[in-house]
Amino acid sequence: MRTVALPDLDTARAWRDAARALVAESVPPEDVQWTCGAPEQTDLFQATGQGREADGAARTCARRQASVSFNVPKSFVDLAETVAWHSDPERFARLYAFLWRLRDRPVLIHDRGDAALAKLRAMEKEVNRDKHKMKAFLRFREIGAPDAPRRRFAAWFEPSHNVTEPLAPFFARRFGDMDWLIVTPRRTACFERGEISFAPGQPKPLLPEDATEDLWTTYFRSIFNPARLKVKAMQAEMPKKYWKNMPEAAAIPGLIAQAESRARAMQEAAPTLPPLRAGRIRERLHAPGVLRPMELTFNDLRRKAEDETRTARDGYGRVVLGEGPHDAPLMVVGEQPGDVEDREGRPFVGPSGQLFDNVAEEAGLDRKAAYVTNAVKQFRYVQRGKRRIHQSPDRSDIEHGRWWLDAEIKLVKPTLILSMGGTAAETLTGTRKGILKRRGHVEETEHGPVFLTVHPSYILRIPDAARKAKETDLFRADLAAAQAHLEELRAA
Amino acid sequence: MNAMGRLSLQDKLAILSDAAKYDASCASSGTARRDSRDGKGLGSTEGSGICHAYAPDGRCISLLKILMTNFCIYDCAYCVNRVSSNVRRARFSPEEVVHLTLEFYRRNYIEGLFLSSGIIRSPDATMADMVRIAKTLREEHGFRGYIHLKTIPDAAPELLEQAGLYADRLSINVELPTDASVKSYAPEKNPVTIRKAMSEVRQKREASRDRSHTGKRPARFAPAGQSTQVIVGADGATDATILGQSTRLYTGFGLKRVYYSAFSPIPDATAKLPLIRPPLEREHRLYQADWLLRFYGFAVEEITAATPDGNLALDIDPKLAWALANRHLFPVDVNRAEREMLLRVPGFGTKTVNRILTTRRHRTLRYEDLSRMGALMKKARPFVTLAGWSPGALTDTPDLRARFAPPPEQLSLF
């Protein structure tokens, strides 16, 4: 039997070194006894009785182990690093026993059904939770002068596991510009002028009163909503054992006791008359032009379109506005102007526009009565020889077009919008995903009801004649359904 | 102004935190990593948030959640600070907010500041004051903790731009599930400008991720993203409407979170909205459904189709309700099923599913393994089959739902 005594400080690393040496030496778990908490200066391998020589060998081994290669999965190293801070005296033995099995079967580390691993993971979780609670519920009090260049604070905390040491770097990262002292029963951590140091644990020190605690308790009392009392939920996250060191916890019993009567009083209180100033403020606020900016007109839009056309970037055509009655009940939104539309300065006059016209007529949808426009206002292309090749609009084109389309919708105020293709769907409903599933349906949007279908150019691009005919039929059915929906909306 | 001068800092804190408590969000997670190990500032953010205390309403207290002022020129019916309410009014000076934030932070009470405000004078003036507070904290005091600013929707874009550079998170509340209810209960708010502001934040966030042509990264803009809140139970909207709105917000504006806040009695309420017991259970079910949408691959229609009236069942959770309505898909073979299907088993969380997937690569799973992997077997049992367990006829028993639903109990008056 061999006894390994681990130091109180830097325990996780000491365990790892020791375990590595023992594995290299093939010492089975049942032959090792682990202890922790020896004075910090003592030797790592403290031999008891007849184990002395063997431990000497282990020491040699520890020095030599760099050359002996034994690869442990990274996730086990992390697990051990955390479990080593657990307060269970069995923790080192459990880790070593698992490590022993891991030698032959490294995949064991992924086996969440293994009972030994499940236990270690549970311990890991307990340590992590304890660390988390210490980060959360530790409370500092000021122990120096508030106007000192480097302020000084101290806290007393009682963690369930040995987490003060591994947490010290966290507090150092967080409270970098002040000195602090964290006292716990098993370990004291100190941070002075940027240096962390440790000392043994101490009993609870007497810390000076701190006036900020009253402000904090005031906040705690006021942020509580008595109409939604959920004591169990609070206690699940903030168990009572922590309360004694938290200044605000003293207020809890009172808050719980009064909650019901406070909530009832709010409910039973009769509505009061609004204060005098309310009327005056409301009157001023609702004067025309105060809340809503002045509306644009079609003339403003046309002027702006001309301005932007003059300054259009390379690869972009002119701004092509929509066309149709300014009070049309139906607005049709396509993708962007094409080559023909750009040359003529009118929407829907190219091949897609013609297809749309034909199918619309068959479906009983009167294009002349609709306001026809595009989600993106400028033709985007790359020049190839004499031809301009259409480019799909990107995100910034769509965002740019959104402003124009918004303005047009506000002016026309259509009863129904017919959205054709992905770009229009993205602009109007926020997403182009699943357009083939969503087609033929109406979606409620900020712009009112939007009827979704595909873009006519989608049909033009289908090479197979039979499929093309089938898709044209579907498109026709969509347009007819849109027309029917529009009539329904207008009748309502 | 004179009356206000007599309020102590403690009085103001009581008034202005009381006024802020109806905002549910208190998250302090998911932002850029920062620390003050260099000794030149104060604070750190390391990914996961920390809840420094819990109030008896079960809510976490992570941030100093206060209003800059609860004076407000708007008249939103559901709000304790509306112009027509008779609550006590107060106003912090920017220095007071900075002082409270730093002193609380130094004592490890908080992760940072969540600053909101009533609208005073004009949206721009209010927003400018809030930005100034965030700027002072960051630049004069080297504060590296978390800052969440509630944006004023009508404020100028330049102010929004600055807010995003100092704050970790920005939020704008959509408040109510439909435009119609915003119009009737918050007459001065405009849903269109709210959405416009949200889309501006999204664009600025996306732009801040693109490198310039020299490969330089622009300053991070609101690294913890944007969130919003919707009040549940003040208007007649169904859960289907609310969840539909959430989906649009998540996809359309890239929101990190939508918070649901059960409409709760407030002091000095208006006659417009009768005070009821806050629908806490409904709020809880909405959060569960929200999780199913974001992490479990459910579509809104699937979740809401389980009940005919468009509201989620209150007695059982939405995933279980879905499974009970789709029993033909069960039992699922845990050793073979795909990830998508495993995620749909009641009692299996995302972590459990990941553990199942990694372990079954090496060996066949048995029934005993599942609870060690974190599965809630009481819920999962009728829906799974694997070595050592077969549900037999249990999956299709007519009274399966009744086994999960809690026994009916007498509702207390309040």
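Every number in this text was worked out from the coordinates using simple rules, so none of it is lab data. As the structure is a computational prediction, the values presented were derived from the model and not from experiment. Neighbour counts run over all protein chains shown; Cβ positions are idealised from the backbone, glycine included.
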On a 0 to 90° scale, report how tilted helix B:350-360 is relative to the longest principal axis of chain B, with both axes built from alpha carbons and the result rounded to the nearest 10. 40
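Over chain B, what relative contact order in percent results from Cα pairs under 8 Å that are six or more residues apart? Could the numbers behind the result be given before it?
Details: 697 pairs, mean separation 46.4, N = 414.
Relative CO of chain B lands at 11 percent.
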Over 49 Å [Cα-Cα, the protein assembly as shown], rounded percent: 34
Name the residue farthest towards the positive end of the dipole of the range A:385-481 from the options A:Ala425, A:Gly448, A:Ile409, assuming +1 on Cβ of Lys and Arg, -1 on Cβ of Asp and Glu, about the Cα centre. A:Ala425
Sorted largest first, the C-alpha extents of chain B along its principal axes in whole angstrom are 76, 57, 41
State the volume of the convex hull built on the alpha-carbon positions of the range B:318-404, expressed per residue in Å³ and rounded to an integer. 84
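Within a 10 angstrom radius of each residue's Cβ in B:14-22, how many Cβ atoms of other chains show up on average? Whole number is fine. Each step should come with its number before you reach the end.
Values: counts 6, 1, 2, 7, 7, 1, 3, 5, 1.
Average neighbour count from other chains, rounded to a whole number: 4.
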So if I average 1/r over every pair of distinct C-alpha atoms in chain A and take the inverse, what Kirkwood radius in Å does that give? 30.9
Both in Å, the radius of gyration and Dmax of the C-alpha trace of the range A:343-444 are 14.6, 45
Looking at this model, which pairs from A:Lys133/B:Lys319; B:Lys21/B:Lys256; A:Lys135/A:Lys241; A:Lys304/B:Lys183; A:Lys135/A:Lys240; B:Lys150/B:Lys204 are more than 19 angstrom apart at the alpha-carbon? A:Lys133/B:Lys319; B:Lys21/B:Lys256; A:Lys304/B:Lys183
Restricting to Cα pairs under 8 Å and 6 or more apart, the percent relative contact order of the range A:298-491 works out to 23
Evaluate the charge dipole of chain B about its Cα centre and quote only its size in Debye, nearest 20, assuming +1 on the Cβ of each Lys and Arg and -1 on the Cβ of each Asp and Glu. 1300
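If you stretched the chain out fully between A:Arg101 and A:Lys468, how much longer would it get, using 0.36 nm times the residue separation minus the C-alpha to C-alpha distance?
Numbers: separation 367, 0.36 × 367 = 132.12 nm, distance 6.44 nm.
Result for the pair: 125.7 nm of gain on full extension.
Suppose the chain between A:Thr297 and A:Asp88 were pulled fully straight at 0.36 nm per residue; how much longer would it get relative to their current alpha carbon spacing?
Values: separation 209, 0.36 × 209 = 75.24 nm, distance 7.60 nm.
Taking A:Thr297 through A:Asp88 to full extension adds about 67.6 nm, to one decimal.
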Model label zone, A:Phe170; criterion: amide N under 20 Å from point 7 Å along Cα-to-beta-carbon; scope the range B:15-32: B:26-32
Considering only DSSP beta bridges whose two residues both sit in the protein assembly as shown, what percent are antiparallel, to the nearest 5? 35
Only helices counted: for chain A, with every DSSP H run of 4 or more residues adding -39500 (n - 2.57) and the sum spread over all residues, [θ] at 222 nm is -14500 deg cm²/dmol
Suppose each label sits 7 Å from its Cα in the direction of the beta carbon; what would the A:Asp307-B:Glu368 distance come out to in nanometres? 7.7
Sorting A:Pro166, B:Ser227, B:Gln10 by the position of each Cα along the dipole of the protein assembly as shown (Lys, Arg +1; Asp, Glu -1; all at Cβ), the one nearest the positive end of that ordering is A:Pro166
If you take the Cα Rg of the range A:168-288 and divide it by 2.2 N^0.38 Å, with N the number of residues, what do you get? 1.69
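Which whole-number percentage describes the relative contact order of chain A, with Cα contacts under 8 Å and a sequence gap of 6 or more? Please list the in-between numbers first.
Working: 682 pairs, mean separation 39.0, N = 492.
With pairs under 8 Å counted, the relative contact order is 8 percent.
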Order of B:118-131, B:18-31, A:269-282, A:246-259 by packing, highest average Cβ count within 10 Å first? B:18-31, B:118-131, A:246-259, A:269-282
Using the per-residue mean of other Cβ atoms lying within 10 Å as a proxy for protection, in what order, highest first, do the peptides B:330-343, B:69-82, B:389-402 fall? B:69-82, B:330-343, B:389-402
Whole-Å distance linking the alpha carbon centroid of the range B:351-370 with that of the range B:153-182 is 44
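Based only on Cα atoms, what Rg/Rh ratio does the range A:298-491 have, Rh being taken as Kirkwood's radius?
Details: Rg = 15.9 Å, Rh = 16.8 Å.
My calculation puts Rg/Rh at 0.95.
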Over the whole of B:40-53, what's the average partner chain Cβ count within 10 Å per residue? Rounded to a whole number, please. 5
DSSP beta bridges in the range B:2-226: the antiparallel percent, rounded to 5, is 20
Two-decimal Rg/Rh across the range B:2-226, once Rg and the Kirkwood Rh are taken from alpha-carbon atoms: 0.96
Picking from B:Ser116, B:Ser17, B:Ser261, which is most flexible by a Gaussian network model of chain B using Cα springs under 10 Å? B:Ser17
To the nearest 10 degrees, the tilt of helix A:115-137 (Cα long axis) against the first principal axis of the alpha carbons of chain A is 80
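For peptide A:112-118, compute the average count of partner chain beta-carbon atoms within 10 Å of each residue's beta-carbon. Present the calculation step by step, with values, prior to reporting the outcome.
Details: counts 13, 15, 4, 3, 0, 1, 5.
Across A:112-118, the average partner-chain Cβ count within 10 Å equals 6.
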Cα centroid distance between the range A:431-466 and the range B:287-332, in Å? 27
What's the FRET efficiency of B:Phe404 with B:Ala305 using the Cβ-Cβ distance as r and R₀ = 22 Å, to the nearest 0.05? 0.75
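Stokes-Einstein at 20 °C, 1.002 mPa s, Kirkwood radius from Cα pairs: D for the range A:214-262 in µm² s⁻¹?
On the way: Rh = 11.3 Å.
My calculation gives 189 µm²/s for D.
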Under 11 Å from a point placed 7 Å out from the Cα of B:Ala156 along the Cα-to-Cβ direction: which residues of the range B:171-192 have their backbone N that close? none
Dipole-positive endmost among B:Phe71, B:Ile152, B:Leu113 within the range B:2-226 (Cβ charges, Cα centre): B:Leu113
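Hey, with R₀ at 41 Å, roughly what FRET efficiency would B:Asp268 and A:Lys410 work out to, going by the Cβ-Cβ distance, to 0.05? Present the calculation step by step, with values, prior to reporting the outcome.
Values: r = 37 Å, r/R0 = 0.90.
E(calc), rounded to 0.05, equals 0.65.
Charges only on Cβ, +1 for Lys and Arg, -1 for Asp and Glu: so what's the dipole of the protein assembly as shown about the Cα centre, in debye to the nearest 20?
Numbers: 137 positive and 114 negative charges, 272 e Å.
Charge dipole, the protein assembly as shown, about its Cα centre: 1300 debye, nearest 20.
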Add +1 for every Lys or Arg and -1 for every Asp or Glu among the other residues with Cβ under 10 Å from the Cβ of B:Arg91, and state the total. 0
Inter-site label distance for A:Ala148 and A:Leu9 at 7 Å from Cα along Cβ, in nm: 2.3
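Compute, for chain A, the length of the dipole vector about the Cα centre, with Cβ point charges of +1 (Lys, Arg) and -1 (Asp, Glu) only. Units Debye, rounded to 20.
Numbers: 78 positive and 69 negative charges, 43 e Å.
Roughly 200 debye, rounded to the nearest 20.
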Put a dot 7 Å past each Cα toward the Cβ at A:Cys190 and A:Ala251; how far apart are the dots in nm? 3.5
Sorted by mean Cβ packing within 10 Å, highest first, what order do the peptides A:398-405, B:225-232 take? B:225-232, A:398-405
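Can you compute the FRET efficiency between A:Arg343 and B:Ser208 using 1/(1 + (r/R0)^6), with r the Cβ-Cβ distance and R0 = 45 Å? Round to the nearest 0.05. It would help to have the intermediate numbers written out before the result.
Details: r = 38 Å, r/R0 = 0.85.
Efficiency computed from Cβ-Cβ geometry: 0.75.
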Rounded to whole Å, give me the distance from the Cα center of the range B:75-147 to that of the range A:366-389. 48
Spatially proximal aspartates and glutamates relative to A:Lys232 (Cα-Cα < 13 Å; intrachain offsets below 8 disregarded): B:Asp57
